[in-house]
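Heads up: the structure comes next, in structure tokens.
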Amino acid sequence: MAERDIVVIGASRGGFQGLKMLVSQLPADLPAAVFIVLHIGRHASVLPDLLSAWGPLTARYATHGETVQRGTIRVAPPDRHLVLSKGRVWLNDGAKENFARPAADPLFRSAALEYGPRVIGVVMSGDLDDGAAGLANIRAQQGFAIVQDPADCESPGMPRAALESCGADALCPEHDLSRCILDAVKGVQAGGVSKEATMSKDVLAQEARIAASGISDPAALDEVGERSALTCPDCGGALWRIKDDRPMRYRCHTGHAFTGLSLEDGIESRAEEAVWSAIRAVHERVIFAMERQRWAERSGNQEQIEIEQARIEEAERVADLLREAMQVTTPSPE
């Protein structure tokens, strides 16, 4: 069995305290390189300084082109994807994946492609499903998969999606993640991956090239996916459904990528925006009809007053229907 010396970690909401506990329990002589993606978007963060203060390993933001080194922690900087290739760390400002940059999937995918069975992938607390496809990539290339127990998470979405996509070799509560990582580094046996959960390495390599290239030739996407009737909620472009179904995922030709939950969230958000836009437009019809009605009143045009009143009442009925639709699509929390 190949030694495991590449640890990639993805976390989002609720993952901050988990990372604090995790790094505090890792040894100073850890024979592995650790890479972390936390969904911070464009916001400045002191996370590397905090990670260094919390544990014995030195943490800092990754720098473009640096070599991969054991016994270090590298963090994806704000608004940059972090990927691994040819023994080095690379940063890019490619399209968001699952509405995130940095995102876990690009890091996990590149690690699986570059290091195969040497990789330990860790999915921690977070919303939606970033990391699910990447962890499936890691397991498909005989890497080791660790998932934080959803019952132990502030936000169980990411761990649940990862488990549904490919399962896990270790399911750990927050306080046990570091031990699970150390066991994996030391060579604990990985569980088998079912045939249904495997992913084609050819598709993985092509998808990695597509992600790295940014805007893609539709013909390249045709090689790894099938054109769907759906459109990208980020840019409005056509979406391709990637042929590997574990998990279901989509890409557009400008580089945006989504797994199922993230795409569903984007479609729902876009639908909500469309309904609110329609409500605004109908409300403007009411306002304009009222202004015309007041004009008709000043001129003593009774016929026009009645016409505008009918327009107002019709527009208000439409607005009521749209508001009812909003209540269906965005139910109040219980």
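Every read-out reported here was derived from the displayed coordinates using simple, explicitly stated rules and does not represent laboratory data. Keep in mind it's a predicted model, so treat the numbers as computed, not measured. So basically every Cβ, Gly included, is an ideal-geometry build from the backbone, and we count neighbours across all protein chains shown.
Relative to the longest principal axis of the C-alpha atoms of the chain, give the angle of the C-alpha long axis of helix 201-213, reported between 0 and 90° and rounded to the nearest 10°. Its long axis makes an angle of about 60 degrees. Bridgeable lysines around Lys201 (alpha carbons under 30 Å apart, same-chain partners fewer than 8 residues away excluded): Lys86, Lys96, Lys186, Lys243. For the peptides 247-260, 219-232, the ranking by packing is 247-260, 219-232, with the highest mean count of neighbouring Cβ atoms within 10 Å listed first. A simple spin-label model places the labels of Leu230 and Glu164 1.2 nm from each other, with each point 7 Å out along Cα-to-Cβ. Once you have a ≥ b ≥ c as the square roots of the Cα gyration tensor eigenvalues for the stretch 6-197, tell me rounded if a/c is under 1.5, and otherwise prolate or oblate according to whether a/b is larger than b/c. Judged from the Cα gyration tensor, the stretch 6-197 comes out rounded (a/c under 1.5). For the stretch 152-157, backbone phi angles converted through the Karplus equation (6.51, -1.76, 1.60; θ = phi - 60°) give residue-by-residue couplings of 9, 9, 5, 10, x, x Hz, Gly and Pro being listed as x. Counting only alpha carbon atoms, the long axis of helix 302-329 and the longest principal axis of the chain meet at about 20°. To the nearest ten degrees, helix 177-186 and the longest principal axis of the Cα atoms of the chain are 40 degrees apart. The protection proxy used here, the mean number of other Cβ atoms lying within 10 Å of each residue, ranks peptides 267-278, 150-161, 68-79 as follows, highest first: 150-161, 68-79, 267-278. So if I place +1 on the C-beta of Lys and Arg and -1 on the C-beta of Asp and Glu, and nothing else carries charge, what would the dipole magnitude of the chain be about its Cα centre? I want it in debye, nearest 20. Dipole about the Cα centre, nearest 20: 1280 debye.
Just check the stretch 32-117 against the gyration tensor rule for me: Cα atoms, a ≥ b ≥ c as the square roots of the eigenvalues, rounded for a/c under 1.5, and otherwise prolate or oblate depending on whether a/b exceeds b/c. Can you show the working numbers first?
Working: a/c = 1.82, a/b = 1.06, b/c = 1.72.
Oblate, since a/c reaches 1.5 and b/c is not below a/b.
Cα centroids of the stretch 201-274 and the stretch 14-57: 30 Å apart.
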